[in-house]
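Read the structure below first, then the notes.
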Amino acid sequence: MMRISDTVKHLIIINVIFFIGTVTVGGGEAFYEWFALHFPASDGFKPWQIVTHMFMHGSIGHIFFNMFALWMFGSPVEYRLGRNKFLFIYFSAGLGAALFQLAGYYWDYLPAYNQLLEAGFSKEVISDIINFNILEGRQFKGALLQEQIIPYMDEHNISSLLSDSTFKTFFETNVLINNSTMVGASGCIMGILAAFGMMNPNAELMMIFLPIPIKAKYFIPGIIILDVISAVTGQSFFSPSNTAYLAHVGGALVGFFIMWYWKKNQFNQNRWDR
């Protein structure tokens, strides 16, 4: 069994500390509010969340499997590449994962936003309404939006702009904005997994639910393809339905292209195994 590398050990400790804070501070909500990555149009968005969300997890199972994968694949990658290049792949993959997932969210958000602009609402009004709190328990409720939107429209003398269509768009956009919070190190780990696969293409890997050894050069692309299918169809194969599949794809692609570049230039100053 390979000994855990120093950087991987430190990353696991930081992730565990964040998880303990998440479940103990502020009734489980404070850390999400401060450190999870909120949609940029949300009032809850803060710049530091672009990094801190990589250390956040939503459940014991979530953090366990991510940290297990980080130990299993991260240690051999760090021993091979060294601390600096390992961290470069890790955080680059995490950033790439966030960008891919946010791009997917914006794909749904921008048409609705433009529709509201064309209906005559200002950017300020749209921003206010899509950030109304319409969550009761775990359910978004149109009645809560109605209670707030009608007096708001009256106050701003824009009641004539409200219709069934624009109300529905406001509701759906509010749900999208407030249901698009990202947490987890999965994107980072997918980048490390891609790097591991490029360095060890013939290593045999197995999934817990599919205990059949498969070479990394087939296993890892297969996982990425399943994530792409899940992102397009919404069909979950092995992950929970709320998994950020595009984040997985983004992290893996970033890890792959970094390793591809380093391997391509392995005989000059950019060589990947220096």
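The values are calculated or read from the model by the stated rules, or taken from the named source; none is laboratory data. This one's a predicted model, so the numbers in the text were calculated from it and none came from an experiment. Don't worry about glycine lacking a Cβ; one is built from the backbone with ideal geometry, like all the others, and counts go over all protein chains shown.
Which ones in the range 129-154 are aromatic (Phe, Trp, Tyr) and not in a strand (DSSP E or B)? If you could, list the steps in order and put the result at the bottom.
To start, the set of residues in the range 129-154 that are aromatic (Phe, Trp, Tyr) comprises 132, 140, 152.
Across the range 129-154, the qualifying residues are PHE132, TYR152.
Quick one: would you say ILE126 is part of a helix (DSSP H, G or I) and in contact with a helix residue (DSSP H, G or I) (Cβ under 6 Å, 6 or more places away or on another chain)? Step through it out loud before you land on a result.
Working: part of a helix (DSSP H, G or I): yes; in contact with a helix residue (DSSP H, G or I) (Cβ under 6 Å, 6 or more places away or on another chain): yes.
Yes, satisfied.
Considering the range 68-123 alone, what residues qualify as being farther than 16 Å from GLY191 by Cα and in contact with an Asp or Glu (Cβ under 8 Å, 6 or more places away or on another chain)?
Listed by number, the list holds a single entry, ALA112.
PHE100 passes all but one of (1) at pLDDT 95 or above; (2) touching a helix residue (DSSP H, G or I) at 6+ places or on another chain (Cβ under 6 Å); (3) aromatic (Phe, Trp, Tyr); which number fails?
Going through (1) at pLDDT 95 or above; (2) touching a helix residue (DSSP H, G or I) at 6+ places or on another chain (Cβ under 6 Å); (3) aromatic (Phe, Trp, Tyr) one by one, PHE100 breaks only (1).
Looking at ILE17, ILE50, ILE13, ILE4, can you tell me which residue is surrounded by 14 or more Cβ atoms within 10 Å (Cβ to Cβ) and not in a loop (DSSP other than H, G, I, E, B)?
So the residue among ILE17, ILE50, ILE13, ILE4 that is surrounded by 14 or more Cβ atoms within 10 Å (Cβ to Cβ) and not in a loop (DSSP other than H, G, I, E, B) is ILE50.
Any idea which residue in the range 60-78 is farthest from PHE196 (Cα to Cα), counting only those that are touching a helix residue (DSSP H, G or I) at 6+ places or on another chain (Cβ under 9 Å) and of a type outside the set (A, V, I, L, M, F, W, C)?
Here the residue is HIS62.
State all residues of the range 182-203 that are closer than 22 Å to ALA244 by Cα and not small (Gly, Ala, Ser); if no residue qualifies, say none.
Result: MET182, VAL183, CYS188, ILE189, MET190, ILE192, LEU193, PHE196.
Which one of these is touching a Gly at 6+ places or on another chain (Cβ under 8 Å), part of a helix (DSSP H, G or I) and not aliphatic (A, V, I, L, M): GLY96, GLY61?
It is GLY96.
Residues of the range 81-93 being out of contact with any helix residue (DSSP H, G or I) (no Cβ under 6 Å at 6 or more places or on another chain), in contact (Cβ under 8 Å) with a residue 12 or more places away in the chain and part of a helix (DSSP H, G or I), which ones?
Result: LEU81, LYS85, LEU87, PHE88, PHE91.
For the range 129-140, which residues satisfy the criterion of being touching a helix residue (DSSP H, G or I) at 6+ places or on another chain (Cβ under 9 Å) and either among the small types (Gly, Ala, Ser) or surrounded by 13 or more Cβ atoms within 10 Å (Cβ to Cβ) (or both)?
Of everything in the range 129-140, those that are touching a helix residue (DSSP H, G or I) at 6+ places or on another chain (Cβ under 9 Å) and either among the small types (Gly, Ala, Ser) or surrounded by 13 or more Cβ atoms within 10 Å (Cβ to Cβ) (or both) turn out to be ILE129, ILE130, ASN131, PHE132, ILE134, LEU135, PHE140.
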